[in-house]
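These notes are about the structure you will find just below.
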Amino acid sequence: MAEPLGAHTPLARAAAGLDSCVHCGFCLPACPTYLAVADENASPRGRLVLMRAALDGEVRLDDPDITAALDTCLGCRACETACPSGVPYGQLLEATRETQRAVRPIPRVGRLVLATFARPSLLRVVLAAARLVRVTGVARVLARLPGALGTPFALLASTVRERARPYRPAVPAGEDRRATVACLTGCVMEGLFTPVNRATERVLMVNGYALRRAPAQQCCGALHIHAGDADTARRLARTNIAAFEASGAELIAVNSAGCGAMLKEYGHVLHDDPAWADRAAAFAGRVRDVSELLAAAGPRPSRGETRRVTYDAPCHLQHAQRVVTPPLAVLGAIGGAALVPLAGSDQCCGSAGIYNLLEPETADAVLAPKLDAIAATGAEVVVTGNPGCLMQIGGGLVRAGATTVARHPIELLDAGYAREY
Amino acid sequence: MRVSIPAALVAELTRIVGPRHILTRGPSLIAYESDALPGYRQRPALAVFPGTRDETIAVVRALAAHGAPFVARGAGTGLSGGALAGDVTLLGLQRLKRIIQVDVEARTALVEPGVVNATLTTAVAQFGVHYAPDPSSQTACTIGGNVAENAGGPHCLKYGVTLNHVLAATVILPDGSITTLHAPTTDDAGPDLLGAFVGSEGCFGVALDVTVRLTPDPEAVRTLLADFMTVESAARCTTAIIAAGIVPAACELMDQPTIRAVEASIYAAGYPQDAAAVLLVEVDGSAAAVPADAAIIEHLCREHGARQVTVAIDGVDRARLWQGRKKAFGAMGRVAPHLVVQDAVVPRSQLADVLTRIAEIGTRHRLTVCNVFHAGDGNLHPNIPYDANDPDESARVHDAMTEIMALCIAAGGTISGEHGVGLDKIGYMESLFTADTLDAMCRLRGAFDPERRANPGKVVPIHSCREWHGLARSGTDALPMPPAPVFRALPPSDDGVIEYIPSDLTITVQAGVTLAELDAITAAYAQWCPLLPWGDDTVTVGEVLRRGLRGPANAALGAPRDLTRGLTRIDQRGVTIVAGGRVVKNVAGFDLTRLAIGAGDALGTITSATLRLRAKPAVRAALAIASSAADRAAWHAFGRGPCAPLAAEEIPAAVAAELGFAATPHLVVWIGGNEAHVAATVAAFARVGPAHALPESAWRVVRARGPFVRPVAPASDPVCEALRARVIAAFAPLRLPETHHG
């Protein structure tokens, strides 16, 4: 028997969320790890029960069974969409992981990754090295290494892009001009998906948005808060709020679902920081996924290639942000794209930030049905708006030797516009 | 008391399922302490999760070899504490999730017990069929759990409960022997063991696979939402709809506290928040029949004071209206930290009175009672959100719930329509059943599980079993029930009718009443009990049930086991057993009703029965066509389409001649429904070939001459025969101890 957790711990402060769980079990079939493992310890309801047990002192937060149950959670939040009681599962998970940090350090691989993302200069070096490995073609070869060894190389190999045809859209003005926006460039997006970021800027301009720059921005902190390093997450949040305030933009555009979900939660992240709570809430209210901005603008139709396309919803767009139809509106604007429904498109692919590096076995188990479903569509392109998902699915396709590729929806729209300019 | 599991058993189970699929450490078992009724917590001694049928068999046999008790569990969505395995082995079946076979032609599916209910429906949707029982937890609950609980759901009003959709189950008995139990397909099939197994709450064994019936998707569906300014008017409207001869696919009532909880959740369905109650009514069927029924329902709603009646215009709208209803329990999680979910059934005619009294009970105990329930079949779910950390409030909740249950029993109802007894309702069993009936349930359980190792301590209080009598009464004493209000009793009559309340679609009659007499009585209210066996209507109700007599309309209208709600019999020992009840849905205790149907005299003599009535189709007709002239493919399509007849037979030449046709085989169909439906059916049948209309009396001739094809009984096996013998022996005459002479 352990001691009940102190009232000051993050989990104790979030305990009201636990009370809203009525134990109905509707979350079970929504949970990718439960579907893969079929053990309630790997289900949202089971994890909530364990959080409660830890809070009440029935079990220690560093008990190996408890850490295993919590570590395997992808944080995809599909359970929140399935939950009729509105249990704030994502917040409870973050609070639990933060509380766990007092008794158990973050695993070494995780610490290394988080430290890198929190330091812009170090991150630039690491991403440059990654690009070097990619350009030599070594990544594609090493992706064939068995099991977890090949995983990082497969992820990297999936980010290779053909050179896009750049074009220069007119700067929107007059009646055509919509809001001013500043783009979150993001760490992985700017480092490994540079062409997608440039495409995002062009596509926004084509649809009437005027761009502003926010050069002082840093990592959004999502990886940190998911791993329980809330202090670093809060520091990054403050930096970004200030950076985007300085940009003068009315809205913040994000093309990475995971980062967007984090930015939209800055209000909650800083809610008990009196100096920042209001600024954070106001900031969060101005964040938009790029698909939301485009859907609001129409978006302007483009003439793309005739291709079979299927859409996989990133969890942090579908479940965390509840942005469901705008990406479909974007795809609908791409002439020539024949959209084929993907079975289980609302299910996680197993990427989940750095989960696929920390829990490669479960990540693969979660990815397997996704790859099967993609193959069943016969699509040439699977579209998803999040770098983690692009790499997890793309890497899986690379390793499976599939001809299907994973692309960001913006890439397809941009390619269509490029033909007109 | 902590029962330790022998190390040798743990080692053997580990060897069978592998170390990743067995949990023995305390912290890893916390997640399995509760089902969906978290007021009860019991930690299993260990949990084991077989991944295949063979592993499951090996696990059950290992448990048998060690004499170890166990509790089977699916998704843990039960609402009676039934899947709790305090200090014993929890047998998790959620890894057995293969849909083994779908037979599109026969409209059946063979599935493993861990298949999720909604997953099955999704998987077969491409064939235009679905699995009809739809408990609100259908997105999560498993078929195995549904079978154990005889699960219901909103659409059971028209389509029946799990029992009516399970055709066979291969089960492993607690002693490790395996047999396949079949739904009866012939007369005199013997005790209905499958009927007893379905709803046995995991006490009779573990299903290894289940063959379920798949139901064709209706051609048309209309969903109506009506809002009322009083709960009573909504309840009375429900009664009026049923009395009008319409059986909606579903008829659900939600009161104001429920509406507000739903509207505050992400499943907000646009229910008007100022209404005292909303009624969600769905009608389905052929495209011809549905609009007429929907119009009548809309009219009745307005007549009963509905402020607004909206009709879902498309699938999306319909799904939204339903979503709010199906997630209502969860949505109540927003109202207070804890929720007590109740499940009782009252005769539909008593709904309005019972609801008024429930509101009074709530007010008296200063509690908010949220009512969300299956109004069409009188299945109430009064739920009370409360804070379990407040001892005073918890005590008031307990008192209020006890009063509500007493109220429902007094109104002629039962303590569980679909959630089961489990742990939660065990204290009410003695208020509902006589000591002899409870003892009979113990005997039935003993036939399946003589050592009582499967789900021990559930469903029937242990001291109700005679051989346990005299043991200390521990923890399961009958709850003290408050004095109940008196409901009006109908005067007895001398025509063999014990009770007939037309608006409940229920009649209780003496076994000696003939079908013709029964039909004469119910026809006055445009109702019938469509037992309709081969032969004629001079046969008595008792005989039909005793022999389980089958007839040509069984598939469309139900077989004897589907149309019987309860019966009283005197067994071979001279003990009177009162099984089942008067209400549509009843899962309180083990099913002694199904058991006796078709059992002949082996289980005693049926003295009276409570039968389910249906609205007699307003228009009926018979049609015939020469077999040679029929387009066989069109005939087949007609029989399976939205205008499927009440019965269809291919009659031999001699019978055709008797009916005045050329002496060649003919196809004869019997159709019924509202005027529009019958007209559409006649038109559809005309596509089969040149058809003749017949007087309805022709159908009597067909019934009298049939059956034309002898049904084949499914093959039995020695395990099944031995089980049957044990069941019969359990109710056999008491034998005096033999005296030895010389």
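Computed values, structure above
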quantity: Residues (within 27 Å of B:Ala679 (Cβ to Cβ) and surrounded by fewer than 16 Cβ atoms within 10 Å (Cβ to Cβ)) located in the range B:297-310; calculated: B:His299, B:Arg302, B:Glu303
quantity: Pair list, Cβ < 7 Å and 6+ apart or interchain, from the range A:189-211 residues that are at positive phi to residues that are modelled with pLDDT under 95; calculated: A:Gly208/A:Pro172; A:Gly208/A:Asp176; A:Gly208/A:Arg177; A:Gly208/A:Arg178; A:Gly208/A:Ala297
quantity: Residues located in the range B:643-669, provided they are over 16 Å from B:Ala630 (Cβ atoms) and assigned to a strand (DSSP E or B); calculated: B:Ala647
quantity: The range B:622-645 residues that are more than 21 Å from B:Ala662 (Cβ to Cβ), paired with ones that are among the acidic types (Asp, Glu) (beta carbon under 6 Å, 6 or more apart); calculated: B:Pro642/B:Glu219
quantity: Out of A:Asp346, A:Asp414, sole residue that is among the acidic types (Asp, Glu) and buried (at least 23 other Cβ atoms within 10 Å of the Cβ); calculated: A:Asp414
quantity: Flag if B:Arg334 is within 14 Å of chain A (Cβ to nearest Cβ), within 30 Å of B:Tyr40 (Cα to Cα) and touching a helix residue (DSSP H, G or I) at 6+ places or on another chain (Cβ under 7 Å); calculated: yes
quantity: Single unsatisfied condition, A:Asp63 versus (1) crowded, with 24+ Cβ neighbours inside 10 Å; (2) within 8 Å of chain B (Cβ to nearest Cβ); calculated: (1)
quantity: Test: B:Thr162 is over 29 Å from B:Ser28 (Cα atoms) and out of contact with any helix residue (DSSP H, G or I) (no Cβ under 9 Å at 6 or more places or on another chain); calculated: no
quantity: First in the range A:232-256 and within 19 Å of A:Leu270 (Cβ to Cβ), second anywhere and among the hydroxyl-bearing types (Ser, Thr, Tyr), Cβ under 7 Å, 6 or more apart; calculated: A:Ala237/A:Tyr266; A:Ile241/A:Tyr266
quantity: Cβ-Cβ under 9 Å pairs, at least 6 apart or on other chains, the range B:25-49 side over 18 Å from B:His338 (Cβ atoms) and part of a strand (DSSP E or B), far side modelled with pLDDT of 95 or more and of a type in the set (Lys, Arg); calculated: B:Ala47/B:Arg73
quantity: Identity of the residue in the range B:1-42, modelled with pLDDT of 95 or more, in contact with a strand residue (DSSP E or B) (Cβ under 6 Å, 6 or more places away or on another chain) and away from chain A (no Cβ under 14 Å), that ends up surrounded by the most Cβ atoms within 10 Å (Cβ to Cβ); calculated: B:Leu13
quantity: Some residue of the range B:153-163 being within 12 Å of chain A (Cβ to nearest Cβ), touching a residue at least 24 places away in the same chain (Cβ under 8 Å), small (Gly, Ala, Ser) and surrounded by 21 or more Cβ atoms within 10 Å (Cβ to Cβ); calculated: no
quantity: Among (1) surrounded by fewer than 23 Cβ atoms within 10 Å (Cβ to Cβ); (2) closer than 24 Å to B:Glu201 by Cα; (3) among the hydrophobic types (A, V, I, L, M, F, W, C); (4) modelled with pLDDT of 95 or more, the one test that B:Trp534 misses; calculated: (2)
quantity: Identity of the residue in the range A:25-37, touching a Leu at 6+ places or on another chain (Cβ under 9 Å) and of a type outside the set (Val, Ile, Thr), that ends up farthest from the other protein chains (Cβ to nearest Cβ); calculated: A:Pro32
quantity: Options A:Val37, A:Val87, A:Val22; residue that is touching a residue at least 12 places away in the same chain (Cβ under 8 Å) and more than 27 Å from B:Ala264 (Cα to Cα); calculated: A:Val37
quantity: Among the residues listed as A:Phe244, A:Phe193, the single one being within 19 Å of the chain's Cα centre (by Cα) and aromatic (Phe, Trp, Tyr); calculated: A:Phe193
quantity: Verdict on A:Leu55 being over 21 Å from the mean Cα position of the chain (by Cα), surrounded by 20 or more Cβ atoms within 10 Å (Cβ to Cβ), among the hydrophobic types (A, V, I, L, M, F, W, C) and within 11 Å of chain B (Cβ to nearest Cβ); calculated: no
quantity: Listing of strands (runs of 3 or more DSSP E) fully contained in the range B:334-434 that carry 1 or more residues being touching a Cys at 6+ places or on another chain (Cβ under 6 Å) and crowded, with 23+ Cβ neighbours inside 10 Å; calculated: B:382-386
quantity: Any hit, the range B:344-353, residues being free of Cβ contacts under 8 Å to residues at least 40 places away in the same chain, among the polar types (S, T, N, Q) and more than 24 Å from A:Ser20 (Cβ to Cβ); calculated: no
quantity: Extreme residue, farthest from the chain's Cα centre (by Cα), among residues of the range B:72-96 that are among the hydroxyl-bearing types (Ser, Thr, Tyr) and away from chain A (no Cβ under 12 Å); calculated: B:Thr89
quantity: Top-ranked residue in the range A:70-98 [being of a type in the set (Gly, Ala, Ser) and over 16 Å from the mean Cα position of the chain (by Cα); ranked as farthest from the other protein chains (Cβ to nearest Cβ)]; calculated: A:Ala95
quantity: Criterion violated by B:Ala45 - all others in (1) crowded, with 20+ Cβ neighbours inside 10 Å; (2) touching a Gly at 6+ places or on another chain (Cβ under 7 Å); (3) among the small types (Gly, Ala, Ser); (4) more than 14 Å from every other protein chain (Cβ to nearest Cβ) satisfied; calculated: (2)
quantity: Single residue of the range B:538-581 satisfying the filter (touching a Pro at 6+ places or on another chain (Cβ under 9 Å) and small (Gly, Ala, Ser)) that is surrounded by the fewest Cβ atoms within 10 Å (Cβ to Cβ); calculated: B:Gly574
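The values are calculated or read from the model by the stated rules, or taken from the named source; none is laboratory data. Note that the coordinates shown come from a computational prediction; the quantities given were computed from them, not determined experimentally. With ideal geometry, Cβ positions are generated from the backbone for all residues, glycine too; neighbour counts draw on all protein chains shown.
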